[in-house]
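J.: Got a structure here, written out as structure tokens. Questions coming.
The values are calculated or read from the model by the stated rules, or taken from the named source; none is laboratory data. This is a predicted model, so every value here is computed, not measured. Positions of Cβ are generated from backbone atoms using ideal geometry, with glycine treated the same way; all protein chains shown enter the neighbour counts.
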């Protein structure tokens, strides 16, 4: 049986020795489909945890932290919709 896209996207593939998979900021940008300036802002603010490695300061985000950020964004949006903070005309409808 083939895996659904959701199953594949939420499956964390561990790195070597069982360590979490690490993503570059470019990969995070691609996953979120946003501008790089937003990714850098999320990292600078601490909203998206990231670590700097090596002498050249290479930034990495744990895949699990990115998934947690995405899940929190969806939950926050649902709360705002339920509270009427997002106008009806700004919520996509199922046509």
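J.: Need pairs with beta-carbon distance below 7 Å; first residue touching a residue at least 12 places away in the same chain (Cβ under 8 Å) and within segment 57-69, second in a helix (DSSP H, G or I) and surrounded by fewer than 18 Cβ atoms within 10 Å (Cβ to Cβ); sequence gap 6+ or separate chains.
T.: 66/31
J.: Oh, and also: Given the structure, is residue 61 touching a helix residue (DSSP H, G or I) at 6+ places or on another chain (Cβ under 6 Å), in a helix (DSSP H, G or I), crowded, with 17+ Cβ neighbours inside 10 Å and modelled with pLDDT of 95 or more? Quick ask: steps written out before the conclusion?
T.: Numbers: touching a helix residue (DSSP H, G or I) at 6+ places or on another chain (Cβ under 6 Å): yes; in a helix (DSSP H, G or I): no; crowded, with 17+ Cβ neighbours inside 10 Å: yes; modelled with pLDDT of 95 or more: yes.
No: the conditions fail for residue 61.
J.: If we only count helices (runs of 4 or more DSSP H) wholly inside segment 1-55, which ones have 2 or more residues that are at pLDDT 95 or above and surrounded by 10 or more Cβ atoms within 10 Å (Cβ to Cβ)?
T.: Values: elements: 5-9, 25-32, 36-45.
The qualifying helices (runs of 4 or more DSSP H) are 25-32, 36-45.
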